[in-house]
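For reference, the structure discussed in these notes is given below.
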Amino acid sequence: MADIFEATAQVLAERGPERASTNRIAERAGVSIGSIYQYFPNKAALFDALAQDRFQKLNALTLDRLSQAIDVPFPQAAEIVLRSFIDFLTENPGLGRIIVELMQPYNRTPTLMVAEAQAVQAAKTYLMRFHDTLAIVDLDTAARLSGLVIAAVGTRVLLDRPSPERRELMIRETVRMLSLYVGAVPPATDPN
């Protein structure tokens with residue numbers, strides 16, 4: 001299955017979802033087309049399974065980054081998580097758009113809802129650690145909004161492909177905005 005997923009990701013990156021074919025994926029994976037249809041009834045089902053697999057990997061990466069950042073101040077932790085989200089999406093360019101589509105409320109599967117709940121809980125755990133030094137009105141809301149902002153900015157970076165300078169500005173300003181929201185001391189900004 002891993003070979004089929006990897007081949008699908010490669011073909012998606014090269015050709016995009018519209019031009020990616022199950023024949024090309026089977027060829028790349030070194031399997032027969034029947035092997036793909038044994039597991040997936042159509043191309044959309046294959047893309048969905050791949051996106052869910054990668055979304056779970058993204059969630060695991062996010063949880064790992066949050067656990068590594070448990071002792072760092074909020075602005076640094078927010079930047080770590082935001083950069084890891086952006087890097088993951090840009091490292092999976094053909095898959096990124098499918099993951100973004102899968103993240104929409106109308107596409108949420110039970111697997112994705114569990115992953116989202118885990119990410120919110122990890123963010124709440126982090127925020128609780130610093131709760132007495134932050135100005136958070138509602139912990140659950142702060143955790144959810146922080147995640148939504150990071151997802152939105154990461155998605156924009158993926159879709160817009162800004163210049164490196166613009167990307168860095170978006171990251172800095174997002175961290176500053178989130179830091180101000182939770183009452184953390186935001187990092188200094190460069191007016192340029």
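The values are calculated or read from the model by the stated rules, or taken from the named source; none is laboratory data. These numbers come from a predicted model, not from an experiment. In this analysis, Cβ positions are derived from the backbone assuming ideal geometry, glycine residues included, and neighbour counts consider all displayed protein chains. Remember, those area values only see protein heavy atoms, side chains included, never the ligands or the DNA or RNA. Shrake-Rupley method; radii C 1.70, N 1.55, O 1.52, S 1.80 Å.
Quick rundown of the values:
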read-out	value
Helix-only CD estimate at 222 nm, as mean residue ellipticity for the chain, using -39500 (n - 2.57) per DSSP H run (n ≥ 4)	-25500 deg cm²/dmol
Backbone HN-Hα couplings from phi across the range 34-39 [Karplus 6.51/-1.76/1.60, Hz, Gly and Pro as x]	x, 5, 5, 6, 5, 9
Heavy-atom accessible area order for 179, 35, 163, largest first, 1.4 Å probe	163, 35, 179
Rounded to 10°, Cα long-axis angle of helix 43-68 versus longest principal axis of the chain	30
Residue 128 accessible area, 1.4 Å probe, all protein chains in place, Å² to nearest 10	100
Residue 173 paired with residue 118, simple spin-label distance in nm, labels 7 Å along Cα-to-beta-carbon	3.3
Cα-based helix-to-principal-axis angle, 164-182 vs the chain, degrees rounded to 10	50
R0 of 35 Å, Cβ-Cβ distance residue 129-residue 13: FRET efficiency to nearest 0.05	0.40
Largest-first ordering by accessible area, 1.4 Å probe, given options 19, 24	19, 24
Rounded accessible area of residue 120 (nearest 10 Å², 1.4 Å probe)	20
Protein-only accessible surface order, largest first, of 141, 8 at 1.4 Å	141, 8
Degrees separating the helix 93-102 axis from the principal Cα axis of the chain, which is the longest one	70
Cα-based shape type of the chain, given that a ≥ b ≥ c are square roots of the gyration tensor eigenvalues and the cut on a/c is 1.5	prolate
Accessible surface of residue 126 - all protein chains present, 1.4 Å probe, nearest 10 Å²	10
Net lengthening on full extension, residue 32/residue 185 (0.36 nm per residue, minus Cα-Cα)	49.4 nm
